[in-house]
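Here is the structure we will look at, set down as C-alpha cells.
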Amino acid sequence: MRKRLLLTCGVLCIGISAGRAEDMVRAAEVRSIGSGATLTAIDRGYFRDQGIKVELDAIDSSANAIALLAQSRYQIIEGGLSAGYFNALDKDLPIIAVADRASSPLGHNLMIRTDLKGEIKSIKDLKGRVMASNGPGSISTYEIDKILQSGGLGIADVDIKVVPFTQMGLALNNKAVDAALAIPPFTYQIRDPGFGVMFADPDDYVRPAPTELSVNMINTDWAKQNLDLVRRYYLAYMRGVRDYCQAYHGGSNRKEMIDLLVRSGAERRPEMLNDYIWPARDPLGRVNVASVLDIAGWYVKNKFTSAVPATARLADLSYIDYVNSKLGPFVLENQSSTLKGCR
C-alpha cells in the first residue's frame, strides 16, 4: 500500500525557485521516527538547494516495494533488511543498499508478561515458551534467536507466534504469549500499563554490532546513468541525517524535529518523541556490512533465502564516501549527551 505525501510550502516545501530547472527523484519510505532525516532535508530546503524535487511515498514495507525499485518506478526506497532484499540480490536485480537508515541502539526489547517476571529469570528459562514476533523472517525473529543463543537455546526451543506490533500488548495481557519482541513506541505502550516488563535488550546480545536494521536502497541502473544527480541527492539527504542525529542527542533543533515528525504524521504523539529514546542511525551513513552478512547468513540458515550474496553486492558506499568528503566530519552539538548511537 502506498500513500503519497502531499507536500506544500505550508507543511513540507520541496519546490524550487521559479525559473530554475529541477530534477525529479521518486522515493518511498517506511514511515518511522527515522523519517525525520528525509523530512527535514525537504523542509529545510536541502534538496531544493541541490536542484532536486522529491516525490515521496509512504509504504507499509520495503519488501513490497523492492520490485518497484527494481523497475525504477522508485529510484530510492528506505526500509528494513527483509529476506526480499537478499532474494532480489540473488536474482541480480538492479538494487543495492547505499546508506544506513536505522542501526542499534534501537530501543527494541524482549518483553515478558508481568506475571512471569519472578518465574523467567534467565534466558534458559525461555525454553518452551510462546514468543511473539511480527514475522517469522523478520529482523525481530533474528534478534530473538540471538538472545536465545546466549542461553544455549535457539528458535527451535520456543514457539514463535506471529503477532503484529500493535497487538503484542493485548497478547501479553490476555496470556496468549509469554514474551514478545517489541519495538518503540510499543515497548512503552506495553510497559507503562503493566502488560509486560522489559527483559532483554537485543543490543546487548546481537553481534556483529551495530545491528543494521534498515537501509537506504537505490536502483543501480538509474544511478549509473545519473551519477551527478545521485551525489547531489545524498548531499542533501545526509545533511538531513546529521540534523536528525543532532536532535537525537538533544541539540538545538530537537523541538523543530519533533514538530516536523508530528506534523508529517510520522509520529502523532509528541510525548513519544519527548519522553523516549529514538532509533539511532549513523551520522556518516555507514552501513555495517558485517552485520548485513550475518543477517543474510541467518536468512539462509532458516531457509528464507537460498544463498548469502557476495560482500560487494550487499552495499555500495561510494556515494556516502563522496558526500562525507564534501561535508567533513560530524561534530556533535550537545557534547554532554550520554546517549549511545548517532555519533
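Tabulated values for the structure
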{"read-out": "Scope the range 302-318; condition farther than 27 Å from Asp221 by Cβ and either part of a helix (DSSP H, G or I) or without any contact (Cβ under 8 Å) to a residue 40 or more places away in the chain (or both); matching residues", "value": "Lys303"}
{"read-out": "Qualifying positions in the range 137-171 - of a type in the set (A, V, I, L, M), surrounded by 15 or more Cβ atoms within 10 Å (Cβ to Cβ) and farther than 20 Å from Lys124 by Cα", "value": "Ile139, Val163, Met168, Ala171"}
{"read-out": "Qualifying residue in the range 118-134 (condition: in the same structural domain as Pro279 (by TED's automatic domain parsing), buried (at least 17 other Cβ atoms within 10 Å of the Cβ), within 29 Å of Gly341 (Cα to Cα) and of a type in the set (S, T, N, Q))", "value": "no"}
{"read-out": "Extreme residue, surrounded by the fewest Cβ atoms within 10 Å (Cβ to Cβ), among residues of the range 267-282 that are basic (Lys, Arg) and in contact (Cβ under 8 Å) with a residue 12 or more places away in the chain", "value": "Arg269"}
{"read-out": "Pair list, Cβ under 9 Å, 6 or more apart: the range 46-71 residue not assigned by TED's automatic domain parsing to the domain that holds Leu93, other residue acidic (Asp, Glu)", "value": "none"}
{"read-out": "Criterion: among the small types (Gly, Ala, Ser) and modelled with pLDDT of 95 or more - qualifying residue of Ala83, Ala63, Ala28, Ala21", "value": "Ala28"}
{"read-out": "Meets criteria (under 27 Å from Gly297 (Cβ atoms), surrounded by fewer than 23 Cβ atoms within 10 Å (Cβ to Cβ) and hydroxyl-bearing (Ser, Thr, Tyr)) for Ser103", "value": "no"}
{"read-out": "Filtered residue count, the range 24-45, keeping only those that are assigned to a loop (DSSP other than H, G, I, E, B) and closer than 20 Å to Pro184 by Cα", "value": "2"}
{"read-out": "Within the range 319-343, tally of residues that are surrounded by 12 or more Cβ atoms within 10 Å (Cβ to Cβ) and without any contact (Cβ under 8 Å) to a residue 12 or more places away in the chain", "value": "1"}
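The values are calculated or read from the model by the stated rules, or taken from the named source; none is laboratory data. None of these values were measured; they are calculated from a predicted model. Methodologically, a virtual Cβ is constructed for each residue, glycine included, from the backbone with ideal geometry; neighbour enumeration extends over all protein chains shown.
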